[in-house]
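Read through the structure below, which is laid out as structure tokens, and then see the notes.
Quick note: the coordinates plus some simple rules give every number you see, no bench work behind them. Values in this document were obtained by computation on a predicted structure and should not be read as measured data. Neighbour counts run over all protein chains shown; Cβ positions are idealised from the backbone, glycine included.
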Amino acid sequence: MPHILIDNLKDFSFPLKISEVEFLFKAEHLIAVKTNISKFFIEIKKKQKGYLIKYDKITRPLISEIKKAYLAFVKLNDANIVFENISGIKEKLPDKNLLDIADDLNKTDIVEIGFGSGRHLLHLAKKYPDKNILGIEIHKPSIEQVLKRIEQEKIKNIKIINHDARIILSKIPSNSLHSIYVHFPVPWDKKPHRRVINENFLEEAQRVLQKNGFLHLRTDSENYFSYSLKEFLNFKNAQIEIKKNIPYEIISKYEQRWINQGKNIYDLYLFCLEESPQINQDFDFSFEKKLKNIDFEPKIYDNFVIHFEKIFKIDENNELIKATIGNFNKPEHIYIVNNKKPYYFKPPAPVKDNFLAHIKLKRLFDG
């Protein structure tokens, strides 16, 4: 973890600015930092030989911004660096094809969930050169591998996101997708609640698909096939297509291995039969009053969780709250500056479950 050890620490009144780095406020051992492109916290810890300065993992910025903050902090305290491990770290610039949860997904045409090696994802991009393809994957080595292939093959119409597919679909406008592909998902036979195919996922899929668009599940698991078919049939009006051991237009090495072993391969298509109403995605994450009567008991609801973890004192009237909110499967760690008119230090991702958690949080603790 990039950090420095300095020999001196002064006492200051905030805010302060050194060059392009602003030190906004101090909340116990955390100092809020703002540069031209990011906001984050640095932490201070007293050590035997000085003071350890490191960045806060929740608000982690680019290495370049960490370096700027560290050097400005050294200058601010008229200190010497006793030890550092950051000068030799090379900046790993964000890949232009790797999206963040806060990025705009409005122009997405096709989604593949859990793309693995990326063979089918790249096939889709070449088959539909005029469509924008979004690959959703949680396995980071797979993402890195596919990003390299996108660059090597000079593919222009693929974007990748490292997040939970159920949350990502909630960001996509209604009636916008040509198709959704879920090929060979983990069956989770012992933990069926972790399956991507479930009632909420299918409702979101039907909402974001265009009329006559489709969701395509391909699996070698008879259990997963049977389970998914039952979920598909729960729709009052459903057009479903089933195939068994029908050759597909592209086959992965793993699928070929399963075929050689005599395993059955199932294809299950669910078509969208009607248009869906548009949803309001203009989420307002503001507060009106200072949060009061805060407790630290986790609060778990159907689709989201709220958990206040810790409170740091800024001064007599202000405090910093560390909390977790949002989708139960992929909650977001956030900070709230709690004063007369509280605000998120960095706003939560603009997704439905975060907004629902925010509304509930205000109802519970808004003074």
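In table form, for the structure just shown:
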| read-out | value |
| --- | --- |
| Sequence-distant residues sharing a close amide H with F345 (under 5 Å, placed H) | Y335, I336, V337 |
| Loop-located chymotrypsin sites (Phe, Trp or Tyr not before Pro) in region 223-298 whose Cβ has at most 13 other Cβ within 10 Å (DSSP) | F296 |
| E20/H307 FRET efficiency (R0 45 Å; Cβ-Cβ; nearest 0.05) | 0.80 |
| Formal net charge of residues neighbouring P187 (Cβ-Cβ distance under 13 Å; K, R +1; D, E -1) | +3 |
| For the chain: relative contact order, % (alpha-carbon pairs under 8 angstrom, 6 or more apart) | 12 percent |
| Among beta bridges that DSSP assigns inside the chain, antiparallel share in %, nearest 5 | 75 percent |
| Mean projected area in nm² (Cα convex hull; one quarter of hull surface) for region 37-195 | 13.4 nm² |
| Residue among Y181, Y335, Y128 with the largest mean-square fluctuation in a Gaussian network model of the chain, springs linking Cα atoms under 10 Å | Y128 |
| For T324, T219, order by how many other beta-carbon atoms lie within 10 Å, fewest first | T324, T219 |
| Estimated 222 nm signal from helices in the chain, with DSSP H stretches of n ≥ 4 weighted -39500 (n - 2.57), rounded to 500 | -7000 deg cm²/dmol |
| Sites excluded, GluC sites (Glu not before Pro) in DSSP loops with at most 15 other C-beta within 10 Å, longest stretch of the chain | 154-248 |
| Antiparallel DSSP beta bridges within region 101-271, as percent of all bridges there, nearest 5 | 40 percent |
| Cβ-defined net charge surrounding A349, 13 Å radius [Lys, Arg +1; Asp, Glu -1] | -2 |
| Distance cut-off 18 Å, percentage of C-alpha pairs in region 299-365 lying past it | 32 percent |
| Region 130-195: equivalent-ellipsoid semi-axes (sqrt of 5 x gyration tensor eigenvalues, Cα, Å) | 23, 18, 10 |
| Dipole in debye (nearest 20) - region 232-328, about Cα centre, beta carbon charges: Lys, Arg +1; Asp, Glu -1 | 560 debye |
| Under 12 Å, Cβ to Cβ, from L24 - net charge with Lys/Arg +1 and Asp/Glu -1 | +3 |
| Residue pairs, from the table K39/K107; K34/K360; K107/K140; K131/K299; K49/K330, whose Cα atoms sit over 31 Å apart | K131/K299; K49/K330 |
| Span from the region 4-26 Cα centroid across to the region 66-120 one, whole angstrom | 23 Å |
| Chain lengthening between D284 and K191 when straightened (0.36 nm per residue, less Cα-Cα) | 30.0 nm |
| Span-like helix ranges in the chain, DSSP H, alpha carbon extent 24 angstrom or more, Kyte mean at least 0.5 | none |
| Label corresponding to volume of the Cα convex hull per residue in Å³ when calculated from the structure given, among (i) 222; (ii) 180; (iii) 142 | (ii) |
| Estimated D of region 3-84 in µm² per second, where Rh is the Kirkwood radius over Cα pairs and Stokes-Einstein applies at 25 °C, 0.890 mPa s | 196 µm²/s |
| Per DSSP, loop chymotrypsin sites (Phe, Trp or Tyr not before Pro) in region 1-84 with at most 14 further Cβ within 10 Å | F12 |
| Sequence of R207, R60, R195, R363 once ranked by neighbouring C-beta atoms within 10 Å, starting from the fewest | R363, R60, R195, R207 |
